[in-house]
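The values are calculated or read from the model by the stated rules, or taken from the named source; none is laboratory data. Bear in mind that the values here come from a model prediction, so they are computed numbers and not experimental data. Methodologically, a virtual Cβ is constructed for each residue, glycine included, from the backbone with ideal geometry; neighbour enumeration extends over all protein chains shown.
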Amino acid sequence: MNFRVVFFVLTLAAGAPAQAADVDYTSSQITFVSKQMNVPVQGSFKKFTASIDFDPKKLAAAKALIDVELGSIDTGSPEADAEVSKKGWFNTSAFPTAKFASSAVSQTGPDNYEVRGKLSIKGIGQDIAAPFTVKRAGDVITYAGRFNLKRLQFKIGEGVWSDTDTVADDVQVNFRIVTKGNK
Amino acid sequence: MQITSPGYTRVAILLHWLIAAAIFSTFLLGQYMTQLQLSPVKLKLYSYHKWIGVTIFLLVLFRLVWRLSHRPPAPPAAMPAWQHTAATTAHFLLYVLTLAIPISGWLMSSASGFQVVYLGHFPIPDLVAKNKQLAEQLKEVHETLNWVMLGVVILHVAAALKHHMVDRDEVLQRMLPFLKKRSTLR
C-alpha cells in the first residue's frame, strides 16, 4: 500500500525538548474506537513521533508532543483506509499531520494526571483534556490515557459522512507512550 | 369431508412465510450491498443484512421448538417413498442452512473486526478474534452455503409447484391456505 506520509500531532506536557526521554515506539501505540452503526470499531495509527518531558516534581515544566502520521491509519479494512484519506475525511494530502501541544499537566491522584492542550487536525485546533496514568518500571515509563474527540469539530467525515447515526461523532482515542532511559 | 391430515398450524404457516421473505430479501441485499462503494448507505445495509440474519436464526429456532410440539402433517398417501425421503432431506437441509448461514455470517463479521450489534442495541459476543485470513475463509463458507441453499430452495419451490400443478394434491395448499379455498370451489 502506498501511504502518503502524513503526521498527526498529539502533545502531552510542557518542557525543554532537550530533556525529553527516548520513546520506545514498538511498545507505544495510538489507537481509537469509533462507532459505526453503534458497533465499536478499533483502529490505530502506525506511525507517530512523540516527545515527552515529564518530571512529577516539576509538573509546571512537563511537556509532551505527539505527531501522528494520518496516512498511517489502520481502520481495520483497506477500503476504509483509502476512504478516510479523502478530502471529506482527513484530506491527508493537504493535512498530513495532526498535532497536539500540551499547555498544562496537573496531578489528580498518586499516579494519575491530566494533560491539557491543543489538538490540531485538518487545520482546526481544539482544546482537549486527557487523563493519563504514569507507571514506572526501572527506567521504563509508560504514559497511558485516553480522551474523546468529536470528529465533526475537526470536519472529519464531511458531506454524507456527517450523518452521526452511521458513524458516531464521538471517537475515543487511546494512547500509550513508553519511554526508556530518563535523561 | 376432511381433505387432509390436521395440517400446519397458523403459527407454522406464518413462520414459514416470514422466514422465506426474510431469506429472500437478505439474500438479495447481500448480493447488492457487497457491490457498493464504501458509503454510509453501505454501512447501513450491512447492518440491516446482519440484523435480518440474526432475526432469521431466532425465528428458525422458534420454528423448530414449535415443530417439536406441533408435528407437521403427513405427506400424501399416494406420494412415492423416494419423494418422501427427498422432501425430508430437503427440509432437513433447509433447517440446517437457515441456522448455519447466519452463524457463518456472524463469525465472518467477528473475524473481520466488526462485532454484530443486533438492531444497533444488543451486542452479540465475538466467538472469534479479528483474523483476516479466517475472515476470508468464512466469507467463502458464507457464500457457498448461500449457493447451496439457493439450490435447495429452487428444488423446494419446484417440488411444491409440481405437487400443486402435476400431482394436484394438497401439499402446497397446506402452506398457502388461500389456495385451499380456491381449490374447494373448483
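Within the stretch A:103-122, track down each residue that is over 20 Å from residue A:150 (Cβ atoms), surrounded by 19 or more Cβ atoms within 10 Å (Cβ to Cβ) and in contact (Cβ under 8 Å) with a residue 60 or more places away in the chain. Working first, answer last.
Kept after step one, since they are over 20 Å from residue A:150 (Cβ atoms), are these residues of the stretch A:103-122: A:104-113.
Adding the requirement that they be surrounded by 19 or more Cβ atoms within 10 Å (Cβ to Cβ) leaves A:105, A:113.
Of everything in the stretch A:103-122, just one residue is over 20 Å from residue A:150 (Cβ atoms), surrounded by 19 or more Cβ atoms within 10 Å (Cβ to Cβ) and in contact (Cβ under 8 Å) with a residue 60 or more places away in the chain, namely A:105.
Among (1) in contact with a Ser or Thr (Cβ under 6 Å, 6 or more places away or on another chain); (2) more than 14 Å from chain A (Cβ to nearest Cβ); (3) modelled with pLDDT of 95 or more, there is one condition residue B:91 misses while meeting the rest; what is its number?
Among (1) in contact with a Ser or Thr (Cβ under 6 Å, 6 or more places away or on another chain); (2) more than 14 Å from chain A (Cβ to nearest Cβ); (3) modelled with pLDDT of 95 or more, residue B:91 violates only (1).
For residue B:97, indicate whether it is in a loop (DSSP other than H, G, I, E, B) and either surrounded by 15 or more Cβ atoms within 10 Å (Cβ to Cβ) or of a type outside the set (Lys, Arg) (or both). Step through it out loud before you land on a result.
Numbers: in a loop (DSSP other than H, G, I, E, B): no; either surrounded by 15 or more Cβ atoms within 10 Å (Cβ to Cβ) or of a type outside the set (Lys, Arg) (or both): yes.
Against the criterion (in a loop (DSSP other than H, G, I, E, B) and either surrounded by 15 or more Cβ atoms within 10 Å (Cβ to Cβ) or of a type outside the set (Lys, Arg) (or both)), residue B:97 does not qualify.
Looking only at the stretch B:14-42, which residues are surrounded by fewer than 17 Cβ atoms within 10 Å (Cβ to Cβ) and either polar (S, T, N, Q) or within 11 Å of chain A (Cβ to nearest Cβ) (or both)?
Those that are surrounded by fewer than 17 Cβ atoms within 10 Å (Cβ to Cβ) and either polar (S, T, N, Q) or within 11 Å of chain A (Cβ to nearest Cβ) (or both): B:25, B:31, B:34, B:35, B:36, B:37, B:38, B:39, B:41.
Would you say residue A:48 is within 14 Å of chain B (Cβ to nearest Cβ), touching a strand residue (DSSP E or B) at 6+ places or on another chain (Cβ under 9 Å), closer than 25 Å to residue A:106 by Cβ and modelled with pLDDT of 95 or more?
Numbers: within 14 Å of chain B (Cβ to nearest Cβ): no; touching a strand residue (DSSP E or B) at 6+ places or on another chain (Cβ under 9 Å): yes; closer than 25 Å to residue A:106 by Cβ: yes; modelled with pLDDT of 95 or more: yes.
When the stated conditions are applied, residue A:48 does not pass them.
Can you confirm whether the stretch B:67-76 contains a residue that is assigned to a helix (DSSP H, G or I) and either in contact (Cβ under 8 Å) with a residue 24 or more places away in the chain or within 14 Å of chain A (Cβ to nearest Cβ) (or both)?
Here is the first cut: in the stretch B:67-76, the residues assigned to a helix (DSSP H, G or I) are B:67-69.
From what's left, either in contact (Cβ under 8 Å) with a residue 24 or more places away in the chain or within 14 Å of chain A (Cβ to nearest Cβ) (or both): B:67.
Yes, the stretch B:67-76 contains at least one residue that is assigned to a helix (DSSP H, G or I) and either in contact (Cβ under 8 Å) with a residue 24 or more places away in the chain or within 14 Å of chain A (Cβ to nearest Cβ) (or both).
Under the condition of being over 20 Å from residue B:122 (Cβ atoms) and of a type in the set (Lys, Arg), which residue from the stretch B:42-80 is farthest from the chain's Cα centre (by Cα)?
Step by step, filter the stretch B:42-80, then rank; the result is B:42.
Could you figure out which of (1) more than 14 Å from every other protein chain (Cβ to nearest Cβ); (2) on the phi < 0 side of the Ramachandran plot isn't true of residue A:91?
All conditions pass for residue A:91, except number (2).
Just give me the residues in the stretch B:136-154 being out of contact with any Leu (no Cβ under 9 Å at 6 or more places or on another chain) and either over 30 Å from residue B:88 (Cβ atoms) or touching a residue at least 40 places away in the same chain (Cβ under 8 Å) (or both), in sequence order. Don't jump to the end; show me each part of the working.
Here is the first cut: in the stretch B:136-154, the residues out of contact with any Leu (no Cβ under 9 Å at 6 or more places or on another chain) are B:136-137, B:139-140, B:143-144, B:147, B:150-151, B:154.
Residues satisfying the conditions are B:136, B:137, B:139, B:150.
Please work out if residue B:117 is within 14 Å of chain A (Cβ to nearest Cβ), surrounded by 13 or more Cβ atoms within 10 Å (Cβ to Cβ) and at negative phi. Quick ask: steps written out before the conclusion?
Details: within 14 Å of chain A (Cβ to nearest Cβ): yes; surrounded by 13 or more Cβ atoms within 10 Å (Cβ to Cβ): yes; at negative phi: yes.
Judged against the criteria, residue B:117 is a match.
Which of the residues that make up the stretch A:72-88 are more than 10 Å from chain B (Cβ to nearest Cβ) and of a type in the set (Val, Ile, Thr)?
A:73
Consider residue A:168 carefully, then state whether it is within 14 Å of chain B (Cβ to nearest Cβ) and of a type in the set (A, V, I, L, M).
Working: within 14 Å of chain B (Cβ to nearest Cβ): yes; of a type in the set (A, V, I, L, M): yes.
The answer is yes for residue A:168.
Filtering the stretch A:39-79 down to residues that are assigned to a helix (DSSP H, G or I) and out of contact with any Phe, Trp or Tyr (no Cβ under 6 Å at 6 or more places or on another chain), which residue is farthest from residue A:177 (Cα to Cα)? Explain how you work it out, then say what you get.
Going residue by residue through the stretch A:39-79, those that are assigned to a helix (DSSP H, G or I) are A:56-61, A:70-72, A:78-79.
Next, from what is left, pick out any that are out of contact with any Phe, Trp or Tyr (no Cβ under 6 Å at 6 or more places or on another chain): A:56-61, A:78-79.
Details: A:56: 16, A:57: 20, A:58: 19, A:59: 18, A:60: 20, A:61: 18, A:78: 26, A:79: 28 Å.
Out of the qualifying residues, it is A:79.
Table: residues versus (1) in contact with a Pro (Cβ under 9 Å, 6 or more places away or on another chain); (2) small (Gly, Ala, Ser).
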residue	(1), (2)
A:27	no, yes
A:30	no, no
A:34	yes, yes
A:43	no, yes
A:60	no, yes
A:64	no, yes
A:89	no, no
A:100	no, no
